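As structure tokens, the structure follows; a few thoughts come after it.
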Amino acid sequence: MQKLFLPLVLAVSVHVPVFAQTSFFIEDRAGTAISPASPSEPGGPLTLSAALALAASANPDIAVASREIDAMDGAVQQAATRPNPELVTSLEDTRQATRTTTLQLNQPIELGGKRRARMTSADRNRDAAVADLAIVRAALRATVMTAFYDVLTAQERHQLALASVELAQRATSIAAKRVVAGKASPVDETRAQVAQASVHIELAQAASALAITRQRLAATWGKSRPRFEQVDGDLAILPPLPSLDALLQRLQQSPGVARSRLEVRRRQALAQVERARQVPDLTVSIGAKRDEQLGRNQAIFGVSIPLSLFDRNQGNLLESLRRTDKARAALTASEIQSASELTQAHEQLDSARQQAQLLQQQIVPGAQSAYDAATTGFAFGKFSFLDVLDAQRTLLHAKSQTLQTLASAHRAAADIERLVGIADMSLISQPQEAP
């Protein structure tokens, strides 16, 4: 009896430690994972490239998407495993003289390509996780760029508010001197003081907006309080404007569309898994039987296969096929929506570029010239103080509108980069010159 049972016992004893060692290896590898060192936030000026590097290394959303890929690696490994054998023992009769002892080893054998379909499905799930990470990175880059240029715009607004305070103080000083000389009414001095107080309020608002935008930028790499003092960049440099046709062609390889396309493939793989499950598995049995009453040993061989009379997995297969159709429809919708958003962002960038160039080249210089002339003329009594205030408001509005337009251009450029998934739009095509 021991000679018959020994091979079965050895097979089981060899089989079990293999899985135990594999599990230990997975836990050990996960436990000794070393995260790459992340760059530190500078205490001085912060550049856009440094902000992008900080966010890429410390943003929580990036970490979440990366951990999902690590989890999918385990799913891929598990999908390749084969069914475990089953050890069955039974005892008939409790009396030793008439006892019959049976020891049997059952090994399921998967048919219908189940293992291959399962592995393909796991690979598609991992590909989807990688695509999700690409989407998160593209969205994070756009968020960081927008937040960076918001800080840069807030800095320029703060500088503009400081300059406005100086202009208001200058106008108040001129008005006071003319009042003392008897060449102007005290009402003009009061108006100048009111205008100066309004400018101080705008300065306080600009300082508050700057603090808020700095905090929002630092939040992209998980900090509630920023260490950097200011950002280093030139808001006046307009982003390039690639052609819309080139952008639409690039859109087919964008992270969002690629993720929708992968979802179709993933659903097709899941449908193949359900289709393979329609084929019943085969179980092969081998064992030994000891009959004490007859005093002999008997070998046991068997084959079992379930009969697919009622459950043919037809419901799960139908669900998978319909979800595949749903994924195809979602892919079409994603392509249309992405193209629409890209067209709108391109139009916004084009419009902002033209407005910014017009403001920088004509409107702001003209408003500055008009303000200088009004101030000089008021000092010599040729213009009233209302003319000075009107010229001052026009100049400040033109400069503020310029900052707003430049910020809109950079936000539109960030949206385009997020949609097409490329970090440098100048690589797509040469920028178009505004008419």
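The numbers here are math on the coordinates, done by the rules we state, and not lab data. Since the structure is predicted, the reported quantities are computational estimates derived from the model, not experimental observations. Heads up, the Cβs are rebuilt from the backbone with ideal geometry, glycines too, and the neighbour counts pull from every protein chain shown.
Points to keep in mind about this one:
- Chymotrypsin sites (Phe, Trp or Tyr not before Pro), loop per DSSP, at most 15 other Cβ atoms within 10 Å - longest free stretch of the chain: 1-309
- Cα-based helix-to-principal-axis angle, 114-180 vs the chain, degrees rounded to 10: 10
- Distance between modelled label sites at GLN252 and THR102, nm, 7 Å Cα→Cβ extension: 6.3
- Within straight-line cross-link reach of LYS289, aspartates and glutamates at Cα separation under 13 Å, skipping those fewer than 8 residues along the same chain: GLU92
- By the rule of a C-alpha distance below 18 Å, with chain neighbours fewer than 8 residues away ignored, the aspartates and glutamates paired with LYS382 are ASP188, GLU189, ASP372, ASP390.
- Taking Cβ atoms as reference points and 14 Å as the exclusive limit, the residues near ALA329 contribute a net charge of +3, counting Lys and Arg as +1 and Asp and Glu as -1.
- Dividing the Cα radius of gyration of the stretch 240-326 by 2.2 N^0.38 Å, with N the residue count, gives 2.22.
- At an R0 of 41 angstrom, the distance between the Cβ atoms of SER351 and LYS382 translates into a FRET efficiency of 0.55.
- Positive end of the dipole of the chain (Cβ unit charges, origin at the Cα centre): among LEU48, LEU140, LEU167, the Cα lying farthest that way belongs to LEU140.
- Cross-link partners of LYS114 among aspartates and glutamates (Cα-Cα below 12 Å; sequence separation of 8 or more within a chain): GLU274, ASP281
- The modelled label-to-label distance for the pair ILE109/ALA211, using points 7 Å beyond Cα in the direction of Cβ, is 7.6 nm.
- The charge dipole of the stretch 214-292, taken about its Cα centre with unit charges on the Cβ of Lys, Arg, Asp and Glu (plus for the first two, minus for the last two), comes to roughly 200 debye.
- The alpha-carbon positions of the chain define a convex hull whose volume is 206 Å³ per residue.
- With loop membership from DSSP and a limit of 16 other Cβ atoms within 10 Å, the longest segment of the chain without GluC sites (Glu not before Pro) is 1-228.
- ALA53/THR190 FRET efficiency (R0 60 Å; Cβ-Cβ; nearest 0.05): 0.65
- Lys, Arg +1 and Asp, Glu -1 on Cβ, resulting dipole of the stretch 85-136 about Cα centre, debye, nearest 20: 100
- FRET efficiency estimate (nearest 0.05) - Cβ-Cβ, ASP232 to THR343, R0 25 angstrom: 0.15
- For LEU235, the shell of other residues with beta-carbons less than 15 Å away shows a net charge of 0, using +1 for Lys and Arg and -1 for Asp and Glu.
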